[in-house]
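The values are calculated or read from the model by the stated rules, or taken from the named source; none is laboratory data. This is a predicted model, so every value here is computed, not measured. We place every Cβ from the backbone using ideal geometry, glycine too, and count neighbours over all the protein chains shown. With ligands, DNA and RNA removed, areas are computed over all heavy atoms of the protein, side chains included. Shrake-Rupley method; radii C 1.70, N 1.55, O 1.52, S 1.80 Å.
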Amino acid sequence: MIRTRIIHLPSLFILAIAIAGTSFAQPVSEPVDDEANAIIREQGLENSKVMNYLSWMTDVFGGRLTGSPQIDRATEWALGAMEEMGLTDVHKEAWGPFGRGWTVDSFSLVANSEHGSFPVMAYPKAWSPGTDGHVQGEVVNVQAESIEDLEQYRGKLAGKIVLLGGIREVEEPFEAIAERRDAANLLQLANMATPEARRYDRARRQRRLLQRAISSFVIGQNPLVILDRGSKGDYGTIFVSGASVPAPPPDPDAGFMASFFRGPRAYDVSAPETAPQFTLAVEHYNRIMRMLDLGIAVTMDVMLSVEWNSDDPMEYNIFGEIPGTDPEIGDEVVMLGAHFDSWHAGTGAVDNAAGSAVMMEAMRILKAVYAAGGEGPRRTIRIGLWTGEEQGLLGSSAYVSDHFAESPGRFQPPTALKPEHDKLSAYYNYDNGTGRIRGVYMQGNAAVAPIFRAWLRPFKDLGAATLTINNTGGTDHLSFDGVGLPGFQFIQDEIAYSPKNHHSNMDVYDHAIAEDLMQSATIVASFVYHTAQRDEMIPRKPLPRPTTVAPSTGSR
Ligand SMILES: [Zn+2]
């Protein structure tokens, strides 16, 4: 166990010059505790509980949409599981107000024509209003490439069932759907000299603004139901997220960020009225479209029963600790975390019960390591499971502004640092699906390279050996990085994250890979262990300064 103190640096240098003559360039190598790593491996690879945690979160509680009764129940379970593994200060911390809770009771869609009927595969969008029992209406198609295109539909959509968008061609998957990073990909990452510049994808933003204007127009025409088919997904996989509500046109003076990101949300307590909304399986969407093209009149019978709950508009992050014992640095903290919330169509397995389970398992492994050593960690180790991530890193950014730094808004540099800002050594996040760890994104912080390289070396045999200076975005480590705290996300294998699981109805336990999650929990536990035992805190980048470039903010 690492307990000894590192000898004072200046005297070590003199010693090195004396011994090695001119070779004084060699930095003191970062200590690695092989004994601790042996226990971590044994616990993580031979005595793992990670899939048990995953099954509870997914099979038992299901999709954990922020605000929903499911996430409340899963939260109580997580608190109990943390108590059971012996963590201290186990608690949930409120943030918000967030808004309304929503959950689906039941739904059905059936398409009818003079030639027969067929059930339609679909999922309601989160926070969609329900229908007044079974409703029937004529199916019409709306396609628009510009605001002007919409005029032809004015006054013609009331009481109709609207298919929004054209047919999407479906291609057969001749390429393997799931993949692991190959040597070339990892080498490319490792060879990056500087982090990728933040891109300002104007075209994509303009498209999103147009989409929002089109759905606002259609909603304003009082259709019975609005159906779409998403931009990807086939063979029964449906990608679905939140319902749209009518939004005012963007204020050109407020700039894109403000205008786009502060539009009303369907979960807002004061959200404007909107229409029931579903995403269909593309094959069923296209069939109805082709029938309309053949001049066949189609009607649909749609039923959606939902429940709202706004008794408590606040939401909760979940925490537990292994307290630090070192008289000098025991009040310093190492954090690890992942988002606990998910979308609703699947059970949020690889996004992101996988990350939550890996972090809980890492805490269980760390408890075992310190129990074996008979003493606690030098620094305090704290797990944080966030909610509201899918709605924009809401839970983690609330926590950071409550504890570490005030900032005028997302991605804006801190205006005031809080005392705890000095006490956090690092935050480790996991949120790229079920794939095993291949290395670490250093988020532009080159000073951590020799440290992380030493800590990764013992896990080369498990496929983790790559460090990249690059940033990665879209998830909770950004809340920490944004205020100058070392926040890191691990490089993972993609597996079928983007083509199949990410925000789809097929994000379920069966598509999580046990060996990959066991490997991940093992490596996370080792990184956190060494961060807690290290003499020095993890080196930091300079505090962020105001930037002119609007960063990409898609959530993962
Ligand atoms: Zn995620």
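Dipole of the chain (Lys/Arg Cβ +1, Asp/Glu Cβ -1, origin at the Cα centre): which of Ser215, Val350, Ile469 lies farthest to the positive side?
Ile469
Using a Förster radius of 22 Å, what is the FRET efficiency between Ser108 and Met291 based on their Cβ-Cβ separation? Nearest 0.05, please. Intermediate results must be reported in sequence, preceding the final value.
Details: r = 19 Å, r/R0 = 0.88.
After rounding, the FRET efficiency stands at 0.70.
Given 0.36 nm per residue, what is the gain on full extension from Ala447 to His403 after removing their alpha carbon distance, in nm? Don't skip to the answer; put the middle values down first.
Values: separation 44, 0.36 × 44 = 15.84 nm, distance 2.50 nm.
Extra length from Ala447 to His403 when fully extended: 13.3 nm.
What do you get when you divide the Cα radius of gyration of the stretch 72-111 by 2.2 N^0.38 Å, with N the number of residues?
1.87
Tell me, how many Å apart are the Cα centres for the stretch 320-380 and for the stretch 477-549?
13
Averaging the inverse of every distinct alpha carbon separation and then flipping it gives the Kirkwood radius. What is it for the stretch 102-309, in angstrom units?
19.2
Cross-link candidates for Lys418: which aspartates and glutamates have Cα within less than 19 Å, leaving aside residues fewer than 8 places away along the same chain?
Glu93, Asp331, Glu332, Asp402, Glu406, Asp481
I need the shape label for the stretch 427-556. Rule: rounded when a/c is under 1.5, else prolate if a/b > b/c, else oblate, with a, b, c from the alpha carbon gyration tensor.
oblate
Suppose all protein chains stay in the model; what accessible area per residue would a 1.4 Å probe give for the chain, in Å²?
43
Using 0.36 nm per residue of separation minus the Cα-Cα distance, give me the extension gain between Glu138 and Lys460 in nm, one decimal.
Gain on extension, Glu138 to Lys460, equals 109.9 nm.
Would you please classify the overall shape of the stretch 367-430 from the alpha carbon gyration tensor, given that a ≥ b ≥ c denote the square roots of the eigenvalues, rounded means a/c under 1.5, and beyond that prolate means a/b larger than b/c while oblate covers the rest?
Judged from the Cα gyration tensor, the stretch 367-430 comes out oblate (a/c at least 1.5, b/c at or above a/b).
I'd like the distance between the alpha-carbon centres of the stretch 398-453 and the stretch 139-201, rounded to an integer number of Å.
Answer, in whole Å: 30.
Gain in length, Asp331 to Glu536, computed as 0.36 nm per residue apart minus the alpha-carbon separation, to one decimal in nm?
Contour length minus the Cα-Cα distance gives 72.5 nm.
How charged is the neighbourhood of Gly295? Take every other residue with its Cβ under 14 Å from the Cβ of Gly295, and add Lys/Arg as +1 and Asp/Glu as -1. Intermediate results must be reported in sequence, preceding the final value.
On the way: positive: Arg290; negative: Glu114, Glu138, Asp293.
Once all neighbours under 14 Å are counted, the net charge is -2.
Which of rounded, prolate or oblate describes the stretch 177-216 when judged by the alpha-carbon gyration tensor and an a/c cut-off of 1.5? Could you put the intermediate results ahead of the total?
Working: a/c = 6.94, a/b = 2.03, b/c = 3.43.
Oblate.
Report the FRET efficiency, 1/(1 + (r/R0)^6), for Asp89 and Glu30, where r is their Cβ-Cβ distance and R0 is 35 Å, rounded to 0.05.
Using R0 = 35 Å, I get an efficiency of 0.75.
Put +1 on the Cβ of each Lys and Arg and -1 on the Cβ of each Asp and Glu in the stretch 102-309; which of Ala144, Val110, Tyr235 then has its Cα farthest toward the positive end of the dipole?
Selected residue: Ala144.
At a 1.4 Å probe radius, which order do Arg457, Arg436 fall into by accessible area, largest first?
Arg457, Arg436
With each label point set 7 Å from Cα along the Cα-Cβ vector, what nm distance links Asn47 and Ala193?
4.9
Given a 1.4 Å probe and the protein chains all in place, what does the accessible area of Lys460 round to, in Å² to the nearest 10?
140
Measure off, as a whole percent, the carbon and sulfur share of the 1.4 Å-probe accessible area of the stretch 102-309, all protein chains present.
C and S atoms contribute 52 percent here.
Hey, what do the phi angles of the stretch 328-343 turn into as Karplus ³J(HN,Hα) couplings, whole Hz, using 6.51/-1.76/1.60 and θ = phi - 60°, x for Gly and Pro?
8, 10, x, 8, 7, 10, 10, 10, 9, x, 6, 7, 9, 7, 8, 7
Where does the longest stretch of the chain lie that holds no GluC sites (Glu not before Pro) found in a DSSP loop with 13 or fewer other Cβ atoms within 10 Å?
Excluding the exposed sites themselves, the longest stretch runs over 376-535.
Under 8 Å for C-alpha pairs, at least 6 residues apart: give me the relative contact order for the stretch 102-309, rounded to a whole percent.
Worked out over the stretch 102-309, it gives 43 percent.
Which percent of Cα pairs goes in each bin when the distances of the chain are cut into 10 angstrom slices starting at zero?
It works out to 3, 17, 26, 25, 15, 8, 3, 1, 0, 0, in whole percents.
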